Each structure stands twice: as C-alpha cells, then as structure tokens.
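Single-structure report; data block below.
Rule-based calculations on the coordinates, nothing more; no lab input. On a predicted model such as this, the values are computed, not experimentally measured, just so you know. Cβ: placed from backbone, ideal geometry, glycine included. Neighbour counts: every protein chain shown.
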Amino acid sequence: MSSLPHVAFTGQPAYDITLTLAFAYVAAVSLAAWFIPSPYGRFASQKFGLSFDPRLGWFLMELPATLSFLFFFAQGARRSEPVPLLFLAMWLIHYGNRGFLFPLFMRVPRGSSASFSLMVVAFGWLATSLHGYLHARFFSGEGLGTHYTTDWLCDPRFLCGVTLYYAALIGNIHSDAILRRLRTKEEIASGTRVYRIPQGGLFRFVTNPSYFTELLAWAGWALATWSLAGVYIFLMSVANLIPRAVSTHRWYRERFPEYPSDRRVLIPFVY
Ligand code: NDP
C-alpha cells in the first residue's frame with residue numbers, strides 16, 4: 001500500500017501541513033524577491049495595478065498578524081498559562097508598533113500618488129496570517145509548545161533570545177525614526193517626496209539598519225520561543241529583506257554621488 005510522504009514537525013497533522021506550506025511559501029518568496037522588488041515606497045510601480053496610501057497599505061498588510069494570532073490563541077487550552085500570556089503580551093507590543101504606530105507616524109507627502117501596491121498587501125496577508133496562526137497555536141494549543149512551563153523563563157535560550165530580540169527591536173525603532181525624520185513637516189505639507197541620505201545611529205555603518213535589526217530581532221524571537229514558527233518568520237524576513245537591502249544600497253549609490261563609500265549593505269563591517 002502506498003502512502004503520501006508525511007512531514008512530522010510536531011505530530012499534529014493540521015499544524016504540520018500548514019508549516020510545510022509556510023516553508024514552501026518562504027522558498028517561493030526567496031526566489032521571487034530577487035527578480036521583483038516589492039512594489040512599495042521607493043520601488044513603487046504602477047505595473048502591478050491598484051495601490052494604496054502606504055499608511056493604509058501597512059495597516060492592512062499587518063492586521064492579520066494581530067487578528068489571526070488573537071483568534072487562534074484564544075481557542076488554545078493553555079491560553080491562561082503564564083508563558084503563553086507573556087508571548088501574547090510581547091506579540092501585542094510588537095504589532096502595536098509595526099501594525100499601528102509605524103503606519104500612523106509615517107511621513108507621506110500630502111496628495112502624492114499611492115505607493116503601496118495591492119499586490120504587496122495580498123501576498124503580505126498570506127505571510128502575516130500564517131505567522132499569526134503558527135505562533136498562536138504553538139503557544140496556546142494543546143500538545144504543541146510543551147516546553148512553555150515557567151522553567152522556560154530561566155532557560156538560556158529564552159534569556160538570550162529575549163535579550164537579542166529587545167536590543168534589536170530598540171535599534172529597529174530608532175532606525176525607523178531616523179528615516180521618518182528625514183522629511184520635514186513643510187515638505188510633507190507641500191506634497192514633495194524628498195529622499196535624503198540618512199545619518200547617525202547604525203546608518204554610520206550600513207544602508208539598511210532597519211532591516212539588519214529586524215532580522216536580529218526575529219532571530220532572537222526564534223531562539224526565545226524555540227519554535228519552527230519562529231524559524232518561519234525569521235526565514236520569511238530573510239527572504240524579503242536581503243534582496244531589498246541589496247536593491248536599496250544600489251539605489252542610494254546611483255542616486256547620490258556623495259553617498260558614503262564605506263557604508264556596507266546590511267551587516268556592519270561584513271557585508
Ligand atoms: P523604508 O526604509 O523603505 O521606508 C520607511 C519609511 O521611511 C517610508 O516612509 C519611506 O518613504 C521613508 N524613507 C525611507 N528612506 C528615506 C530617505 N532616504 N529619505 C526620506 N524618507 C525615507 O523601509 P520599509 O518600508 O521597507 O520597512 C519599514 C520597516 O518594516 C522596517 O523596520 C523593516 O525592517 C520592516 N519590514 C519588515 C519586513 C519583514 O519581512 N519582517 C518586510 C518589510 C519591512 P517612502 O515610502 O516614500 O519611500
């Protein structure tokens with residue numbers, strides 16, 4: 001009798017199938033992102049049809065991460081246990097920033113054409129819904145994150161992972177803030193889309209410190225949660241951000257002859 005090959009990540013078929021699909025999606029994004037820069041911001045393109053104001057685009061794209069997480073977390077048998085609740089709080093803080101504050105404070109030139117493609121939102125929905133589901137089920141579902149007893153809070157993987165995650169998140173918020181302040185309120189009011197060379201902070205070393213710290217944060221998260229869901233979001237971020245970092249670095253060099261020649265692409269002193 002023949003049977004289909006079965007991948008047993010956790011032994012729970014529905015969860016394992018979703019994880020397999022999620023990793024297949026990461027593989028597809030890893031290839032596609034080198035050929036098609038995600039059409040938003042400086043790489044916006046009319047070729048891909050309808051676009052949104054980036055504030056709305058970011059909000060919509062990130063929303064499923066919060067909604068699907070809350071929906072599946074609330075159904076889990078372990079939803080009232082301390083470690084799952086701690087991860088819930090960390091999640092809400094993370095997506096409070098990325099899904100709500102970041103778009104709210106973006107400096108978008110008044111009256112400028114929409115620059116966040118529907119295509120990015122649509123593909124983003126798949127990524128963020130999977131992200132919410134995989135984590136929430138693993139945190140609170142029965143028989144999944146069985147290591148999340150209170151002992152986990154003293155485990156070196158948790159302690160190192162959380163330290164890395166928060167150190168990187170602070171760097172990420174700081175780098176995003178430097179970018180935001182590059183446009184003056186007057187330029188925003190007059191509708192001028194200005195790009196300048198960012199200075200200070202980690203920009204002294206790399207063109208893409210927001211991406212560098214984002215990747216470190218998700219690496220810390222994967223360690224702290226010790227989960228394949230964490231590996232998924234780390235790899236998905238690698239797939240998205242490394243090609244975009246390369247394109248962004250090239251974009252600055254082509255556009256600004258005075259661009260600092262010693263600034264690396266992504267990793268200080270390395271690349
Ligand atoms: P960008 O640097 O492309 O843009 C962020 C904001 O800064 C936009 O409002 C942009 O304006 C503005 N900006 C950027 N560069 C300049 C400049 N030189 N002069 C003036 N304004 C500028 O970042 P992303 O939008 O790609 O990413 C935002 C955050 O989201 C980052 O922290 C990133 O790590 C995270 N992210 C995470 C992903 C993941 O897979 N985990 C995927 C993508 C992003 P404009 O829109 O007009 O270009």
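Highest mean packing first, where packing is the average number of other Cβ atoms within 10 Å per residue, the peptides 206-217, 143-154 line up as 206-217, 143-154.
The Cα atoms of region 203-267 cover 44, 19, 11 Å along the three principal axes, with the biggest extent listed first. Were the residues from residue 189 through residue 146 laid out at 0.36 nm apart, the gain over their Cα-Cα distance would be 10.2 nm. Here the Gaussian network model covers the chain, with springs between Cα atoms less than 10 Å apart; of 67, 169, 134, 67 fluctuates the most. Once the Cα-Cα distance is subtracted from the 0.36 nm per residue extended length, the residue 104 to residue 92 segment shows a gain of 2.7 nm. When peptides 189-195, 94-100 are ranked by their average number of other Cβ atoms within 10 Å per residue, the highest-first order is 94-100, 189-195. Take 220-233, 105-118 and order them by the average number of nearby Cβ atoms within 10 Å per residue, most first; the result is 220-233, 105-118. Modelled spin labels at residue 167 and residue 34, positioned 7 Å past Cα toward Cβ, are 3.1 nm from each other.
Residues within the reach of a label modelled at residue 177 (point 7 angstrom out along Cα to beta-carbon, backbone nitrogen below 20 Å), restricted to region 194-225, are 196-218.
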